[in-house]
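The structure under discussion is supplied below as structure tokens; questions concerning it will follow.
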Amino acid sequence: MANTAPSMRPRVPNFSSGPCAKRPGWNLRNLSDAPLGRSHRAKIGKDKLKRAIDLTREVLEVPADYRIGIVPASDTGAVEMALWSLLGARSVDMLSWESFGAGWVTDVVKQLKLADVRTFDAPYGELPNLKKVDSKTRDVVFTWNGTTSGVRVADANWIAEDREGLTICDATSAAFAQRLDWQKLDVVTFSWQKVLGGEAAHGMIVLSPRAVERLLTYKPAWPLPKIFRMTSGGKLIEGIFVGETINTPSMLAVEDYIDALEWARKVGGLGGLVKRADANARVIAKFVRENDWIDFLAVKPKTRSNTSVCLKFTDPAVTALSAEAQAAFAKQVVQVIEKAGAGYDLGHYRDAPPGLRIWCGATVQSRDLKALMPWIAYAFAEAKAGLGKKAA
């Protein structure tokens, strides 16, 4: 029987894991209030930046005594700021189960060259043994949601209530779609481009009172570049946390972030955003249940992401291929879908196992994911048929 292409396509076929799809109803006209051509240090610029910070606190339900700052270089810059400013006072436990977590391990071990670092690794699809992590006496660095593996921590129960060290959490693909346990987190970082579909280049850093105390009482042994400095003369640079950014931000991107936050309020705040992402992930879960040739990369259901959903092909005809051929097969599936205009940016991350990565964050509509699923089945059948021709 001939493989027939589906008749319906997603209305918005954007499924990139970053930059992610814009919010439903987004239009460039929504940004007409951006103070373009004005200084970010003028009152109008500072007010906009402060508005972005205040809305972030409201939507994410950040405790009142935690400080929130807009910092350079997206989530990467925010994480680096935390690592270089705060680590070194205590021994460190590093958690890694995908490429970005592995990158933070490299920075701490090979760049900062800290003396006492323990690394807890896990292969793609799994989590390290969290019970072995010493969150009581050591600093801990981890990602909440592995963007390139689709594996997340289920909760923060493994973090000690009476911890003495700091927990530094890269939450860039979790914030706004998963509930973060703020009482267990001392530093949280994320960017605007993920769950809210904002523009890139700007990062966010959230500091607990304990993190602020560390900044004020500990001075790293290495020099800090200007863009990493959060203190001056032994005091916290409070301006960072009220909209006085370290470097010049894009006021157009700031306006876009504010627009996304206002939309988040309208759909029910954090609860509404989580509900939307969960509903999207369920669409894919249903598809996986109904097709025995595809599965989640995440091994355990409770650790499966509801944002960066990663899938692998389990058909014996595919798994029998070499790693290189499996990657080529996955690429072909993606190409068939993209050529039809049915879905874009669905390929696995370059360091991850071959398969698909589908963004299911809150700005994606469930109806578009439902329309995408038949295209994945169609593209898989097309690519598999190609395997038969090659064998002949």
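The values are calculated or read from the model by the stated rules, or taken from the named source; none is laboratory data. Since the structure is predicted, the reported quantities are computational estimates derived from the model, not experimental observations. Counting neighbours? That spans all protein chains shown, and the Cβs are built from the backbone with ideal geometry, glycine included. Calculation scope for accessible area: heavy atoms of the full protein, side chains included, ligands and nucleic acids excluded. Shrake-Rupley method; radii C 1.70, N 1.55, O 1.52, S 1.80 Å.
Cα axis of helix 74-86 to longest principal axis of the chain: angle in degrees, 0 to 90, nearest 10?
Result, in degrees: 40.
Tell me the angle of helix 366-391 to the major Cα principal axis of the chain, expressed in degrees between 0 and 90 and rounded to the nearest ten.
Value to nearest ten degrees: 50.
When the dipole is taken about the Cα centre of the chain, and only Lys, Arg (+1) and Asp, Glu (-1) are charged at their Cβ, what size is it in debye, to the nearest 20?
Dipole size: approximately 540 debye.
Work out from phi, with θ = phi - 60° and the Karplus expression 6.51 cos²θ - 1.76 cosθ + 1.60, the ³J(HN,Hα) of each residue of the range 42-58, listed in order in whole Hz, and give x for Gly and Pro.
Once rounded to whole Hz, the list reads 6, 4, 5, x, 4, 5, 5, 5, 5, 4, 4, 5, 5, 5, 4, 4, 5.
Hey, another quick one. Explain nothing, just compute: Karplus ³J(HN,Hα) = 6.51 cos²θ - 1.76 cosθ + 1.60, θ = phi - 60°, for every residue of the range 245-253 in order, whole Hz, x for Gly and Pro.
5, 5, 10, 7, x, 7, 5, 5, 5
Between 0 and 90 degrees, rounded to the nearest ten: what's the tilt of helix 269-290 against the longest Cα principal axis of the chain?
Once rounded, one gets 30 degrees.
Is the shape of the range 113-223 best called rounded, prolate or oblate, per the rule: a/c under 1.5 gives rounded, else a/b larger than b/c gives prolate, else oblate, with a ≥ b ≥ c the square roots of the Cα gyration tensor eigenvalues?
Cα axes put the range 113-223 in the oblate bin.
Let me ask something additional. With θ set to phi - 60° and the Karplus curve 6.51 cos²θ - 1.76 cosθ + 1.60, what are the ³J(HN,Hα) couplings of the range 210-220 in order, to the nearest whole Hz, using x for Gly and Pro?
For the range 210-220, the Karplus-derived couplings read 5, 5, 5, 4, 4, 4, 7, 10, 10, 10, x Hz, x marking Gly and Pro.
Over the chain, give the accessible area per residue in Å² for a 1.4 Å probe, as an integer.
Per residue, the chain has an accessible area of 43 Å².
Does the range 99-171 classify as rounded, prolate or oblate by the C-alpha gyration tensor (a ≥ b ≥ c root eigenvalues; a/c under 1.5 gives rounded; else a/b over b/c gives prolate, otherwise oblate)?
It is oblate, given that a/c is not under 1.5 and a/b is not larger than b/c.
Give a quick list of trypsin sites (Lys or Arg not before Pro) in the range 286-377 that DSSP marks as loop, anything other than H, G, I, E or B, with at most 16 other Cβ atoms within 10 Å.
On the way: sites: Lys286, Arg289, Lys302, Arg304, Lys312, Lys331, Lys339, Arg350, Arg357, Arg367, Lys370; in loops: Arg350.
Answer in residue order: Arg350.
Could you give the longest part of the chain that holds none of the GluC sites (Glu not before Pro) found in DSSP loops with at most 15 neighbouring Cβ atoms within 10 Å?
165-392
Continuing with this model, one more query. Would you mind telling me which residue in Thr148, Thr314, Thr172 has the biggest mean-square fluctuation in a Gaussian network model of the chain, where springs connect alpha carbons within a distance under 10 angstrom?
Answer for the Gaussian network model of the chain: Thr314.
Checking the a/c ratio against 1.5 first, then a/b against b/c, what shape does the Cα gyration tensor give for the chain?
Oblate is the answer for the chain, as a/c is 1.5 or above yet b/c matches or exceeds a/b.
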